[in-house]
1. Taking amide H positions as placed 1.01 Å from N in the peptide plane, with prolines and chain starts having none, which residues 5 or more places from His96, or on another chain, fall under 5 Å of its amide H?
2. Taking a ≥ b ≥ c as the square roots of the Cα gyration tensor eigenvalues, with a/c under 1.5 meaning rounded and otherwise prolate when a/b beats b/c, else oblate, which class fits the stretch 314-375?
3. Using +1 at the Cβ of each Lys and Arg and -1 at the Cβ of each Asp and Glu in the chain, identify which of Ile141, Leu361, Ile119 lies farthest towards the dipole's positive end.
4. Quick one: what are the phi-derived ³J(HN,Hα) couplings along the stretch 80-91, Karplus 6.51/-1.76/1.60 with θ = phi - 60°, whole Hz, x for glycine and proline?
5. Just order 324-334, 275-285, 108-118 by mean Cβ neighbour count inside 10 Å, highest at the front, would you?
6. Return the ratio Rg/(2.2 N^0.38 Å) for the stretch 176-354, where Rg is computed over Cα atoms only.
7. From the backbone phi of the stretch 345-355, what are the Karplus-calculated ³J(HN,Hα) couplings (6.51 cos²θ - 1.76 cosθ + 1.60, θ = phi - 60°) in whole Hz, Gly and Pro given as x?
8. About the Cα centre, and with charges only on the beta carbon of Lys, Arg (+1) and Asp, Glu (-1), how big is the dipole of the chain? Nearest 20 debye, please.
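Here, each number is a calculation from the coordinates, and none is a lab measurement. These numbers were taken from a predicted model, which means no experiment stands behind them. Every residue, glycine as well, gets a Cβ built from its backbone with ideal geometry; the counts of neighbours run over all protein chains shown.
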Amino acid sequence: MKKKRSSPLSNKKIIYIHKSGRGWGGAQQNLYDLIDHFKNEFGETVFLCNDGLLLEKIEILKVKSYKIPIKSVKYFPITLLILAKILIREKPDIIHSNHRYATLLVQLLRVIFPLRYKILHTARSVFTTKTKCRLLGDRIIANSEAIRKNLIDKFHITPEKIEVIYDGVELKMNNPICLSQQNDPVFQLLDTSPKIIIGCIGSLVIPKGHEYLLQAIAVLPKAVQENILVLIVGEGPLRKKLETYAQAANLTEVVKFLGYRADVHHIMSYCHFLVIPSIQEGLPNVLIEGYLLGKASIVSELDYVQEILIPNKCSLTFPSRDVKKLAEALQVYIENPGLASRHGAKGRGIFKRMFNLKKNLKNYRLAYQHLLEME
């Protein structure tokens with residue numbers, strides 16, 4: 001075990017809380033990185049989660065963990081009681097929540113019981129039609145300016161309460177799982193395929209917009225379809241529906257569903273470019289990871305695109321949900337792979353400066369210290 005670092009956090013206890021699931025995405029990776037690092041700075045670190053890969057990985061770090069029924073509001077009374085018992089027992093100095101429902105619960109318990117913890121809430125998505133919960137803790141971290149603007153405009157949060165900290169990303173290319181590719185049929189396919197390989201990485205849920213990508217592929221000319229291989233990497237409740245659509249549209253030879261992969265960065269390294277067809281998004285980590293690998297993306301025009309991609313001219317964009325425009329963008333990169341390569345190379349330099357893990361950890365350390373200094 002590493003020796004605890006001497007810092008203003010050394011005699012403090014932090015609880016991280018997340019409403020997770022079976023999948024793994026940018027939110028889970030960023031939270032894992034925070035816990036993995038700050039477990040050696042805080043006097044004690046505790047993690048609360050309903051279930052999923054994140055909980056399993058945190059337990060491997062030997063961080064004290066509790067499994068709580070926080071996935072659905074129908075368990076509200078039970079969740080509140082269990083959470084109350086944990087917080088009274090643990091007596092944290094800081095609770096770092098990564099979901100609005102969790103933040104609501106810990107803020108409510110602070111009113112009911114004489115608990116003196118500070119609450120930091122990390123916001124990772126832009127919301128428009130969802131119920132607007134304004135109880136977002138003592139301080140808020142937004143992982144993009146687009147999210148900060150959303151919190152101010154739609155939630156009417158005081159601007160001074162919000163700080164932007166871009167996610168820090170490190171490519172995990174030396175995972176032992178990634179090194180045993182010799183007998184993996186996926187890599188056998190990628191090693192031998194002469195086609196343009198397109199990646200779409202993310203949980204198979206409605207906000208990620210996979211259905212629009214499949215529809216766009218379906219309207220491409222047959223000759224173009226025959227020249228591409230589309231990799232759908234991720235798991236989620238929509239998988240069966242998406243696979244059924246792909247089969248009905250005769251795309252089974254064009255689109256491959258790979259499910260959850262621990263070696264996603266290796267798979268991305270084979271891709272000529274990525275597609276992010278989301279209809280709701282904060283700032284997806286897969287976009288950052290792709291550019292760090294020199295891979296350009298075709299991206300739906302959400303708020304973060306105006307913030308990062310359009311000023312830097314290193315991607316193709318299309319109006320969200322616009323199947324025709326997405327198909328046109330796909331054809332541009334498919335027929336001009338050199339353009340995709342140039343966009344990826346340009347983005348790599350930009351993204352290496354913006355999304356640095358050391359900078360992210362430094363900014364969170366300052367955020368924790370400032371939170372503790374609040375009256």
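1. Ile15, Tyr16, Ile17, Leu120
2. Working: a/c = 7.23, a/b = 2.29, b/c = 3.16.
Because a/c hits 1.5 or more and a/b fails to exceed b/c, the stretch 314-375 counts as oblate.
3. The residue sitting farthest along the positive end of the dipole is Ile119.
4. Computed from phi, the couplings for the stretch 80-91 are 4, 5, 4, 5, 4, 4, 5, 5, 5, 6, 7, 6 Hz.
5. On the way: 324-334: 19.0, 275-285: 23.5, 108-118: 13.9.
Going by the mean number of other Cβ atoms within 10 Å, highest first, we get 275-285, 324-334, 108-118.
6. Details: Rg = 15.1 Å, N = 179, 2.2 N^0.38 = 15.8 Å.
Expressed relative to 2.2 N^0.38 Å, the Cα Rg reads 0.96.
7. 5, 5, x, 4, x, 5, 6, 4, 6, 7, 10
8. Values: 54 positive and 34 negative charges, 245 e Å.
Dipole of the chain, to the nearest 20 debye: 1180 debye.
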